[in-house]
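Worksheet: the structure to be examined is printed underneath.
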C-alpha cells in the first residue's frame, strides 16, 4: 500500500510539514548568514529570525523577548526543569504524575522531585497536590494537554497553587499548540514549552517561553545566544518554518478544533460500542487525541494489525529496547499494568479526513478480536 | 503467504528473511527479547540478542522494507528454557537449551501468537530442509551437512513443522550465505556467529551455574568409589569430560580419567577410564515425532550432539520411550541430551536421553 493510501493517525508524534511552511522556509535555507554576525549577511539572517520570533510571540500571547528558541519540545522541557533549581534556594521540583518523559525523566538528574497525583481521568488532584508543596518547591510542572490521552489540565489553578508557595509554574504545551488557545500572558505560567513539528512545522526546533523576570540557568554553554539561555546558532530556516506553522495553526484554530472534535467524537462513539473497550479521553480534552484501552490485548499486537490494515497509530508511550512499556500515564490514572499495556492513541491533524476515521472504525472490531486471541 | 521472520540480528536469519521477501511473500520481522539479563543490553556481548543485535535486526528489516517488532518473551523464556536448564543441571543431566527454546518458544509461543495474528508460518535462519516426501511434509538435513541444524529442530512435531519455513536449507555453505548477505547490502554479512548460549553472554556456563545454583563442593570418586579429588560443584561436569578434573590421585594405569557420571544428590562426580564411557544402548524418553509415528523396530541413524556424527543403530520405539542399540559403541554420552533419529537425511523424531548402558 502506498504511503498516500494509508491513514496516518499519529499526528501527536509528528505532523507532516505543511506545504506553506516549506514555501516559507525555502528562501532562508540558502542564506549564508549567521544571525549573530554584524555584517550584511548576518543582518539578513537576523531580521528573518527576529521576525519569526515576533510572529510566534504574537500568536501565543508572549513578548518577543520571552521566546527562547530551542531544539524542540524535549529541550524546552529540560531547560525549564534543570534551569530553575540551581544553587541555593528552593530545590524541589513538583511534577505531575502524567508528564512526558522529557519532564518525568528529570528524576535521573535531580533528587528533590515529587510527583503530584492525578485522578482516574488523569487530571491533577489540586487538593492532594497542595499537601505535597512547600516553601522548598522551586517549580511546579503540569502538561497542558496530555500527549497520550488528550486530557486538558487545570493549568490556571495549578499556576495559582504554585505561586502561593512562591514556586514557578511550567507547562508543557507541546500538544496544546494548535488545539487550544494559548495565551501565555493570561495563563499564569512562568515557563511554557512549544514544539514546531507537532503543528506541521519542521522537526528540530521548539521554544521555551520564559516570563520576563524569571531567572533560569542555561543547561548548555557556548556563545550565549538566546539571552544566554541557549547557546548555539539558531537555525533561521527552522525558526521561519516554526513561525509559519504557528501562524497557520492560530488562523485555523477555531475551524480545525471544531472539525477535529467531530472526528474525535465519532471515533469515541464507535469505541464505546466495542466490547471490553474503555475510552481514556474524557472531557475537557483536546480535539485531536483519542486514547482507548482494548482489554485483553497487547498494544503491540493491535499496532501490528493496524499497520497491516493501512493505519498508523501508536501507544504514545515509551519503548525500552524496542518493546512498548505499559503507559506510565495510565498507571498514574489507576489502570492495571495489563490495561496500561493494552492502550492505544489515535491522534489527528490537518490531513486527517472523515474517511480515515471510518476506515479505523471499520477494521477495529475484528482486529481487536484477533489481538485478544493472540494474547492467549 | 504471510510470514513472521524471526530476526536475531545475525546473518543467517537476515538472509532467510531477504529470500522470502524476494520470493514475494508478505514478511514481517520480529526480534525476540528473551533475556531479562540487563547485561545483554550492553553491546558487544558474545551471546545473542543484545540491544546491538536488536538494532542490527531492525536495520535489516528497514533495508528489506518490512515491518519490524520486538516481542518480549522473557518471562516465558525464563520459565520454559532457563528454569529447565537449571533444573536439568541440578539433576545431574546435561540439557540443550537451544532445543528447548525451539520446542517451547520459537515454534510454540511465537508461532501461537503469530498464527493468532493471521500469519501462515514462522521462518528462521536454521539450516534444515522441509520437503514433501510421499505426500508428507518431512524435515531433512540441510544441503550443507557441515552447517546442518536439523538436530535442534528434531524436537518439533508435524504440526509445528507444517507452519515453519527454513529458507537457508538448500544453501551450499555458510560462505555462500555471507556472500549473499553482502550482495544484498546487509551490513550483518561479516558479523561473527554467536556460539554461546544466548542467555549466558560471557560464555562462562560454569560461572552462571555457580551463580544461579550455588557452589556445592564434594568429592570426585573413581570406579572403585575411592576419593581421587575434589570439585566445587557437580554442574561443571558432564559425561565424557576430561579437562578440569584436577585429580589429586593419579590413575593407577597412568592413563587419563573421564567423567562417567554426576550425582548431585550426593555431590559426587564419578570418573573412570575411557572404557567406562563406552555406550552401546541408549534409553531415551518423551519421544516426539517429526512426521508420522514410527513404532516398533527399525534401523536408522542416531545423533546425540548438535554437531555429532550420525551413528547407525537399531531403534525400538514405543509410545513412551526409545531403546537405541548402536551398531558400534560410542564413548561419553550425557543424559539430558536429545537423541535425534534419522532415516538417511530425513528426521524421524527425537527423544531425551535418560540412561545409557555399555
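Some points to look at:
- Those residues of region B:337-358 which are in a loop (DSSP other than H, G, I, E, B) and more than 17 Å from residue B:280 (Cα to Cα), in sequence order: B:344, B:345
- Pairing residues of region B:281-296 that are without any contact (Cβ under 8 Å) to a residue 60 or more places away in the chain with residues that are surrounded by fewer than 18 Cβ atoms within 10 Å (Cβ to Cβ) and assigned to a loop (DSSP other than H, G, I, E, B), at Cβ distances under 8 Å and at least 6 apart in sequence or on separate chains, gives B:295/B:318; B:295/B:319.
- Residue list for region A:121-137, restricted to those being in contact with a helix residue (DSSP H, G or I) (Cβ under 8 Å, 6 or more places away or on another chain) and without any contact (Cβ under 8 Å) to a residue 60 or more places away in the chain: A:124, A:126, A:129, A:130, A:133, A:137
- As a summary of the residue check, residue A:234 satisfies the conditions (1) more than 14 Å from chain B (Cβ to nearest Cβ); (2) in contact (Cβ under 8 Å) with a residue 24 or more places away in the chain; (3) more than 28 Å from residue A:19 (Cβ to Cβ); (4) more than 18 Å from the chain's Cα centre (by Cα) except for the one numbered (3).
- Leading residue by the ranking (farthest from the other protein chains (Cβ to nearest Cβ)) among those in region A:321-342 that are touching a helix residue (DSSP H, G or I) at 6+ places or on another chain (Cβ under 6 Å) and surrounded by fewer than 21 Cβ atoms within 10 Å (Cβ to Cβ): A:331
- Flag if residue A:59 is touching a residue at least 40 places away in the same chain (Cβ under 8 Å) and exposed (fewer than 13 other Cβ atoms within 10 Å of the Cβ): no
- Residue satisfying all of: in region B:57-91; part of a helix (DSSP H, G or I), within 14 Å of another protein chain (Cβ to nearest Cβ) and more than 23 Å from the chain's Cα centre (by Cα); surrounded by the most Cβ atoms within 10 Å (Cβ to Cβ) among these: B:60
- Residue list for region B:1-45, filter: at pLDDT 95 or above, under 19 Å from residue B:147 (Cα atoms) and within 12 Å of chain A (Cβ to nearest Cβ): B:7
- Matching residues, region B:332-358, being touching a helix residue (DSSP H, G or I) at 6+ places or on another chain (Cβ under 6 Å) and crowded, with 23+ Cβ neighbours inside 10 Å: B:338, B:340, B:347
Rundown of residues vs (1) outside the structural domain of residue B:301 (by TED's automatic domain parsing); (2) more than 21 Å from residue B:81 (Cβ to Cβ); (3) in contact with a strand residue (DSSP E or B) (Cβ under 9 Å, 6 or more places away or on another chain), yes/no style:
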{"position": "B:136", "(1), (2), (3)": "yes, yes, no"}
{"position": "B:141", "(1), (2), (3)": "yes, yes, yes"}
{"position": "B:147", "(1), (2), (3)": "yes, yes, no"}
{"position": "B:151", "(1), (2), (3)": "yes, no, yes"}
{"position": "B:186", "(1), (2), (3)": "yes, yes, no"}
{"position": "B:197", "(1), (2), (3)": "yes, no, no"}
{"position": "B:200", "(1), (2), (3)": "yes, no, no"}
{"position": "B:209", "(1), (2), (3)": "yes, no, no"}
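- Within region B:289-315, the residues that satisfy the criterion of being in a strand (DSSP E or B) and within 13 Å of residue B:342 (Cα to Cα) are B:289, B:298, B:299, B:300, B:301, B:302, B:303, B:311, B:312, B:313, B:314, B:315.
- Subset of region B:229-266 [in contact with a strand residue (DSSP E or B) (Cβ under 7 Å, 6 or more places away or on another chain) and more than 27 Å from residue B:354 (Cβ to Cβ)]: B:229, B:230, B:246, B:247, B:248, B:249
- One residue from A:305, A:367, A:360 being touching a helix residue (DSSP H, G or I) at 6+ places or on another chain (Cβ under 8 Å), at pLDDT 95 or above and either more than 13 Å from chain B (Cβ to nearest Cβ) or part of a loop (DSSP other than H, G, I, E, B) (or both): A:360
- Applying the set (1) away from every other protein chain (no Cβ under 14 Å); (2) closer than 19 Å to residue B:69 by Cα; (3) in a loop (DSSP other than H, G, I, E, B) to residue A:345 leaves exactly one unmet item: (3).
- Test: residue A:313 is within 25 Å of the chain's Cα centre (by Cα), within 14 Å of another protein chain (Cβ to nearest Cβ) and either surrounded by 17 or more Cβ atoms within 10 Å (Cβ to Cβ) or closer than 21 Å to residue A:264 by Cβ (or both): yes
- Some residue of region A:254-273 being within 18 Å of the chain's Cα centre (by Cα) and on the phi > 0 side of the Ramachandran plot: no
- Residue match in region B:173-184 (condition: loosely packed, with under 13 Cβ neighbours inside 10 Å, assigned by TED's automatic domain parsing to the domain that holds residue B:63 and touching a helix residue (DSSP H, G or I) at 6+ places or on another chain (Cβ under 9 Å)): yes
- Of all the criteria given as (1) buried (at least 21 other Cβ atoms within 10 Å of the Cβ); (2) more than 23 Å from residue A:149 (Cα to Cα); (3) in contact with a helix residue (DSSP H, G or I) (Cβ under 7 Å, 6 or more places away or on another chain), the one not satisfied by residue A:109 is (1).
- Restricting attention to region B:119-139, the residues being touching a helix residue (DSSP H, G or I) at 6+ places or on another chain (Cβ under 7 Å) and closer than 27 Å to residue B:284 by Cα number 5.
The values are calculated or read from the model by the stated rules, or taken from the named source; none is laboratory data. The model shown is predicted, which means the values in this text are computed figures rather than measured ones. All Cβ positions, even for glycine, are placed from backbone atoms using ideal geometry, and neighbour counts span all protein chains on display.
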